[in-house]
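These notes are about the structure you will find just below.
The values are calculated or read from the model by the stated rules, or taken from the named source; none is laboratory data. Values in this document were obtained by computation on a predicted structure and should not be read as measured data. Cβ coordinates were reconstructed from backbone atoms using ideal geometry, including for glycine residues, and neighbour counts include every protein chain displayed. Protein only, heavy atoms only, side chains kept; ligands, DNA and RNA dropped before computing areas. Shrake-Rupley method; radii C 1.70, N 1.55, O 1.52, S 1.80 Å.
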Amino acid sequence: MDWTRGAREEPGYWLTRFLVLRLLGLVYLVAFLCLADQLLPLLGSRGLLPIPLFLRQVAEEAGSASAGFRQVPTLFWLDDSDRFLQAAAWSGVVLSIPVLLGFANGLLMAVLWALYMSFVHVGQDWYSFGWEIQLLETGFLAIFLCAPLDARPFPRRPPPREIIWLLRWLAFRIMLGAGLIKLRGDSCWRHLTCLYYHYETQPIPNPVSRWLHFMPHRFNRLSVLFNHLTELVAPWFVFGPRPARLAAGVLMTVFQMFLIVSGNLSFLNWLTVVPVLACFDDAFLARLLPAWLVGASLRAEEVARPSRAQQAMAGGVAALVAVLSVAPVSNLLSGHQVMNTSFDPLDLVNTYGAFGSVGRERDEIIFEGTNDAVPDDAADWRPYEFKCKPGDPMRRPCVISPYHYRLDWLMWFAAMSEPQAYPWSLHLVWKLLHNDPATLSLLANDPFPGAPPRFIRALLYRYHFAPPGDPSGAWWTRERLGTWLPPLSANDRRLTSFLEGHGWRTSED
């Protein structure tokens, strides 16, 4: 057998499909595990942003539940109870496992897509990140990449070439959108200086981030050039001649692997590799993968039979994507480009982008509680530590990617603004004033076991990486900037009125 397929004029995409689906299965598994772990404290009926309250508000604004469904398509119009939400999240976990192990078909991928879409559409602030709609678009294409019912790793039906091209089109828009938003956004990308700051000010740094932050400026300027090469030049070759396409795929994959190492960017970069894999054909992948796997793909190809129905579906999807691509392409061409936006209610074809602006300073909100009667600076204030975001300067940054602590990420955004812009932060204070077990499960510690504190406040600090080898062993240095939230108690009428105005409970009934 010619396992390298070197002599074939048109290499197949059996191994490509195999890898695309396995990696997508991993991303789905992580995404649903994040849901199952954090669902109730964030979105449950007693969560920080409850889904039942959100759906009621949508129905009231739309005029009815059916009109609300057209605006916000989700399965949870049928049942928004905590039990049903948990069942949906854990179903996603269970169904992702066979995909990761190599068993996927169109029906299974459609169920995973519908489940995750249902959560994204009701996830509110917690699901406002670009990779959520990116997973939905990728997952939708994967439905038609598979055989409709045959779940074997190498089924009887060949991979539809139209879907391979649509995955390349997705990779093109992801990379080029990210590159253009940088050039049009922050001037430091044009001056090649953004990486002087990015590693320190990104949402959730890891230990490697500090090492990269203290690299010579020449290294960081060259890294920005590499970023521009990968995001602005390489995407154009995904539709080019085979050698150029393979080179573009390698370049974009290496770039995503570097981003994975350089910080905790959730599953974004892992997910971005999925459509990039469509740049590689079997002749290329056969040189990298085990012989038994290559042999299995060749045996499947020899007995494969195309399906007219599957080809028709693939053609229909290509036509749909072409029509829905008009708005994203117009956005890419616009001087007022927006990033991470959907133009259709099912998030089928979207526009993407990342780090259009880079912060020069890192500010962090530190929540503290006290049992003292007078909540002034002389009181005994004890800090709440988050699971991953910087807090105690002595604590080593975490390594968590591709997992995602959603509250930690939103605290990064909140530190750039005021509490009014993030109302859930006041709801968080209320929960801490009552030692709510679900909310405390989102944090790394409970400074007041057994009984809640009398007061909670939030201070704003400016953080900088401590140089490697600092004698104190600290990872960070920090200075206090001021108060982000004044001391609040459970019976503070300002707090309870604010919560009631948003429809949140102010009793434990």
**Request:** Output the residue which, of all residues in segment 453-496 that are loosely packed, with under 11 Cβ neighbours inside 10 Å, among the small types (Gly, Ala, Ser) and over 25 Å from residue 379 (Cα atoms), is modelled with the lowest pLDDT.
**Result:** 469
**Asked** Would you call residue 506 touching a residue at least 60 places away in the same chain (Cβ under 8 Å), assigned to a helix (DSSP H, G or I), among the β-branched types (Val, Ile, Thr) and within 30 Å of residue 36 (Cα to Cα)?
**Response** no
**Residues located in segment 301-320, provided they are among the hydrophobic types (A, V, I, L, M, F, W, C) and in contact with a Phe, Trp or Tyr (Cβ under 7 Å, 6 or more places away or on another chain)** = 313, 314, 317
**Residue pairs meeting the criteria (Cβ under 9 Å; at least 6 apart or on separate chains; first touching a residue at least 12 places away in the same chain (Cβ under 8 Å) and within 10 Å of residue 457 (Cβ to Cβ), in segment 365-377; second in a loop (DSSP other than H, G, I, E, B) and open to solvent by 60 Å² or more (accessible area, probe 1.4 Å))** = 369/454; 370/380; 370/454; 375/454
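Name the one entry in 469, 482 that is farther than 24 Å from residue 41 by Cβ, free of Cβ contacts under 8 Å to residues at least 40 places away in the same chain and not in a strand (DSSP E or B). Break it down stepwise before answering.
Details: 482 fails: not in a strand (DSSP E or B).
Answer to the selection: 469.
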**In segment 398-421, the residues that are within 16 Å of residue 366 (Cβ to Cβ), of a type outside the set (A, V, I, L, M, F, W, C) and surrounded by 19 or more Cβ atoms within 10 Å (Cβ to Cβ)** = 408
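Here is a yes/no grid of residues against (1) closer than 23 Å to residue 349 by Cβ; (2) not aliphatic (A, V, I, L, M):
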| residue | (1), (2) |
| --- | --- |
| 141 | yes, no |
| 149 | no, no |
| 160 | yes, yes |
| 166 | yes, no |
| 171 | yes, no |
| 181 | yes, no |
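Does residue 186 satisfy being more than 23 Å from residue 234 (Cα to Cα) and at pLDDT below 95?
Working: more than 23 Å from residue 234 (Cα to Cα): no; at pLDDT below 95: yes.
No: the conditions fail for residue 186.
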**Set 219, 172: member being under 25 Å from residue 236 (Cα atoms), open to solvent by 10 Å² or more (accessible area, probe 1.4 Å), in a helix (DSSP H, G or I) and out of contact with any Cys (no Cβ under 6 Å at 6 or more places or on another chain)** = 172
**Message:** Whether any residue in segment 54-71 is over 30 Å from residue 165 (Cβ atoms) and not in a helix (DSSP H, G or I) is what I want to check.
**Reply:** yes
**Request:** Please identify the pairs in which a residue from segment 250-273 that is free of Cβ contacts under 8 Å to residues at least 24 places away in the same chain has its Cβ atom under 8 Å from the Cβ atom of a residue that is open to solvent by less than 40 Å² (accessible area, probe 1.4 Å) and not in a helix (DSSP H, G or I), counting only partners at least 6 apart or on another chain.
**Result:** 259/265
**Request:** Mind counting the residues in segment 389-442 that are part of a helix (DSSP H, G or I) and not aromatic (Phe, Trp, Tyr)?
**Result:** 21
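Looking only at segment 32-53, count every residue that is assigned to a helix (DSSP H, G or I), in contact with a His (Cβ under 8 Å, 6 or more places away or on another chain) and among the aliphatic types (A, V, I, L, M) and tell me the total.
First, the residues of segment 32-53 that are assigned to a helix (DSSP H, G or I): 32-43, 51-53.
Now restrict to residues that are in contact with a His (Cβ under 8 Å, 6 or more places away or on another chain): 34.
Filter again for among the aliphatic types (A, V, I, L, M), leaving none.
Going through segment 32-53 one residue at a time, the tally reaches 0.
Of these, 317, 329, 261, which one is open to solvent by less than 40 Å² (accessible area, probe 1.4 Å) and either within 18 Å of residue 142 (Cα to Cα) or under 25 Å from the mean Cα position of the chain (by Cα) (or both)?
Details: 329 fails: open to solvent by less than 40 Å² (accessible area, probe 1.4 Å); 261 fails: open to solvent by less than 40 Å² (accessible area, probe 1.4 Å).
Result: 317 is the single residue among 317, 329, 261 that is open to solvent by less than 40 Å² (accessible area, probe 1.4 Å) and either within 18 Å of residue 142 (Cα to Cα) or under 25 Å from the mean Cα position of the chain (by Cα) (or both).
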**Request:** Taking the options 312, 286, 319, name whichever one is in contact (Cβ under 8 Å) with a residue 24 or more places away in the chain and among the small types (Gly, Ala, Ser).
**Result:** 286
**Criterion: within 32 Å of the chain's Cα centre (by Cα), among the small types (Gly, Ala, Ser) and part of a helix (DSSP H, G or I) - qualifying residue of 300, 296, 309, 278** = 278
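Looking only at residues in segment 349-361 that are open to solvent by 20 Å² or more (accessible area, probe 1.4 Å) and either closer than 28 Å to residue 142 by Cα or free of Cβ contacts under 8 Å to residues at least 24 places away in the same chain (or both), which one is nearest to the chain's Cα centre (by Cα)?
Here the residue is 354.
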